[in-house]
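The block underneath contains the structure these notes are about, expressed in structure tokens.
The values are calculated or read from the model by the stated rules, or taken from the named source; none is laboratory data. Predicted, not measured: the structure shown is a model, and the values here were computed from it. A quick note on method: Cβ atoms are made from the backbone with ideal geometry, for glycine too, and the neighbour counts reach across all protein chains shown.
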Amino acid sequence: MMFWCVKRKQIPTNPCSKAEIEAPDRKEIWKQKLKRDMARVNPDNLQAILTHVAPQHKLKVLFALETGLRVGEQVAVKIYNPKKPDIGGIDFKTNIVHVEQALKMGAKHSEAYIDMPKSKSGIRQVPITPELPR
């Protein structure tokens with residue numbers, strides 16, 4: 001705005017050009033916002049959910065609760081193969097889920113396919129407890 005006023009000769013110089021203002025650290029702002037907005041689930045509520053889940057679905061719910069993976073990422077998870085690390089998967093030796101792929105939807109529901117996660121930050125390693133049933 002001030003540059004526009006100088007250009008139009010409404011003011012002789014831009015008084016803001018002498019100000020020393022430090023640009024905000026956008027990554028730090030994002031981290032603070034994420035911490036503030038992150039869901040905080042009471043462990044008692046989680047236990048109540050697990051007691052009402054059908055036995056055949058309990059492992060899926062436990063896996064989702066423990067890892068926080070998106071549904072598309074959960075569907076794409078395989079057993080980790082060190083010879084094919086770019087595929088990712090669950091590594092039971094190190095108790096880490098290597099997220100490298102996710103289910104994507106095509107134009108039609110029948111055109112679903114497996115591809116990389118939606119962003120680079122989606123490619124990650126998520127620790128799991130050794131107690132998670134195998």
Any residue in segment 96-116 that is at pLDDT 85 or above, assigned to a helix (DSSP H, G or I) and surrounded by fewer than 13 Cβ atoms within 10 Å (Cβ to Cβ)? yes
Just the residues that are at pLDDT 85 or above and either in a loop (DSSP other than H, G, I, E, B) or not basic (Lys, Arg) (or both), please, taken from segment 122-131. Gly122, Ile123, Gln125, Val126, Pro127, Ile128, Thr129, Pro130
Which members of segment 1-38 meet the condition of being of a type outside the set (D, E, K, R), closer than 18 Å to Ser121 by Cβ and assigned to a loop (DSSP other than H, G, I, E, B)? Met38
Taking Gly68 as the residue in question, decide whether it is in contact (Cβ under 8 Å) with a residue 12 or more places away in the chain and either within 18 Å of Pro127 (Cβ to Cβ) or exposed (fewer than 10 other Cβ atoms within 10 Å of the Cβ) (or both). yes
Filtered residue count, segment 39-54, keeping only those that are closer than 20 Å to Leu132 by Cβ and either outside any helix (DSSP H, G or I) or over 28 Å from the mean Cα position of the chain (by Cα) (or both): 3
